[in-house]
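The values are calculated or read from the model by the stated rules, or taken from the named source; none is laboratory data. Please read these numbers as outputs of a predicted model, since none were measured by experiment. Reconstructed Cβ throughout: ideal geometry from the backbone, glycine too, with neighbour counts over all protein chains shown. Please note that ligands, DNA and RNA were not included when accessible areas were found on the heavy atoms of the full protein model with its side chains. Shrake-Rupley method; radii C 1.70, N 1.55, O 1.52, S 1.80 Å.
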Amino acid sequence: MAQGYYYERITMQRKLTIYYTSDVHGYFSPVDYASGKSAQSGLANCMNGFANDGNTLIIDGGDILQGSPLTYYLYSQRRDGDCVPARLLNLGGYDFVTLGNHDFNYGKAEIERYLRELDAVCLCANIGGIAGVRRIAVVTLQNGLRVGLTGVTTHFVSQWEQPANLDGITVTDAFTAAAEAYAELKQQQVDLTVCIYHGGFENDLRTGAPLYTTDENQGCRICNELGFDILLAGHQHMPVENLCLNGTYTCQPPDKAAAYIRMDVTVGDTITAESRLCRPSEQPLPAAEEYLAPIDKETSAWLDRPVGHLDTALTPSDPLDMALNGSLIANFFNQVQLEASGADISCASLANTVRGFDKNVTVRDIVSTYIFPNTLVTLAVNRAQLKRALERSAEYFTLVADGQISVSESFLHPIVQHFNYDYISGVNVTFDLRRPVGDRVTSILWHGEELDDTRSLSLCMNNYRASGAGGYGVYTECGVLREQPTEIAELIIDYVLRHKDITVDKTKWLNIIY
């Protein structure tokens, strides 16, 4: 080499911007459905913050078809119209989506309708049998960057979902499918690999300690054992930004379009990425606002129809107070479930945030208070099985130093899960919180007498709980007596319409000693 000459390797850096939403759950407009007032949230407002320069990907992580009073209206009253979620994502310019577990709540035909009307490509490598679902995709941006993508959803959908809604559908392990898809993408010689995962993180992101005993969430394992450059997580409703686990950049937005993720990726000799949670814009995307306005008007009128009368208003207090002292809202839900099922006893849970009921009940009250898409299952339980389930609810409480009671950390971290505390009706139960966790249930009275060890009772509950979810694995050991396909919110509406003037059960079924 001649003196004075040298060579320097210069690598061109190419950039990608990702806008990512997940777990929108039908919150499309900037509306608080409980009050009917406006709120700075909603997918339409998130989409107004997206800017597509040709080196941009707009992605959704699933659970978009279900979860709000609007989607309840769409699927109970307006199924002959166009698919609103698909139309909205098209207006937002979405490129890719995956399926969430709640997207299966209305069955295969509804998913296929959604995907037919959707411009974006659906990637879900562990789901088979649904037209329009692909395993992987490779896209080349304007700057020449080749991006390989796949998607997977938590395989626990097969445990939670009604068998009829999974007819013709196969669900395989999410991690295994992600590993196979990653190997396929590497053969495509892509510059960047992305996994869209409708699942969360199984370990504490601060300490690394395990959070779950199941593989419902496998995000940490995917980051630690596979080589994806980017993992877009969801399902847990847990806001996570600007996190790198073992070389994989990952993030997760909260639910109900309360925020979206913007991730800026740079690809050169190395790959770097920064992600941040972004508040929705103050105004909706104009095209989305125009499209949604008449639908929102229809929905609001339907929600505000009075359908019956209660002898008392059912006003919520804070979750701990309701768990300690009982909730007439939960009593009312159990009242409905007992009549619909014919069961001996019933258990019900409440959402983290509860609207409650005025004396004059509207559809808005019902679908804003019972927000889950659950159906009813009746199981046969003996005393030992019932006690194990009740012990799980008793774990909700913890005694603190001053003798007061607070909510157990396990129900607050990594996500708030007041919905995993169950309210029982039909048996009188005593918890002694001075006793160790797992041995707090000291009495179960059936018709005034201790429930005999040999006696079997029929217990009705929502299908999510019957699957063992939320730490109630004992229910998977119990025999199924009856499954009812009608959504519980619809059972409540029918109950109110039939009875009109309703006396709410005011029994205090739980006694707590501390």
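Rg of the Cα atoms in the range 291-435, relative to 2.2 N^0.38 Å, amounts to 1.20. Considering only Tyr475, Thr150, Ala258, and ranking their Cα positions along the charge dipole of the chain that arises from unit charges at the beta-carbon of Lys, Arg, Asp and Glu, the one farthest toward the positive end is Ala258.
For the range 114-219, the solvent-accessible area of protein heavy atoms averages 41 Å² per residue (probe radius 1.4 Å; ligands and nucleic acids excluded). For His155, the residues 5 or more places off, or on other chains, whose built amide H falls under 5 Å of its own are Ala174. Solvent-accessible area of the chain (1.4 angstrom probe, protein heavy atoms only): carbon and sulfur portion equals 47 percent. To the nearest ten degrees, helix 174-187 and the longest principal axis of the Cα atoms of the chain are 10 degrees apart.
A viscosity of 1.306 mPa s and a temperature of 10 °C, combined with the Kirkwood radius over C-alpha pairs in the Stokes-Einstein formula, give the range 134-220 a diffusion coefficient of 108 µm²/s. Relative to the compact-globule estimate of 2.2 N^0.38 Å, the Cα radius of gyration of the range 59-151 comes out at 1.12. Each 10 Å bin from zero up to the one holding the largest Cα-Cα distance in the range 376-455 carries the following percent of pairs: 16, 46, 29, 9, 0.
For the range 329-390, trypsin sites (Lys or Arg not before Pro) are listed when DSSP marks them as loop and at most 16 other Cβ atoms sit within 10 Å of their Cβ; the list is Lys359. As a size descriptor, the averaged projected area of the C-alpha convex hull of the range 155-280 was calculated at 9.2 nm². Per residue, the accessible area of the range 443-487 comes to 50 Å² when a 1.4 Å probe rolls over the protein heavy atoms. Qualifying GluC sites (Glu not before Pro) in the range 67-166, where qualification requires a DSSP coil assignment and no more than 16 other C-beta atoms within 10 Å, comprise Glu117. Calculated on the alpha-carbon coordinates, the convex hull of the range 306-363 measures out at 97 cubic angstrom per residue. Comparing Ala120, Val138, Thr213 along the charge dipole axis of the range 91-222, the residue lying farthest to the positive side is Val138, per the Cβ-charge model. Compactness of the chain was expressed as the Cα radius of gyration divided by 2.2 N^0.38 Å, which yields 1.04. The angle between the Cα long axis of helix 383-394 and the longest principal axis of the Cα atoms of the chain comes to about 60 degrees, rounded to the nearest 10.
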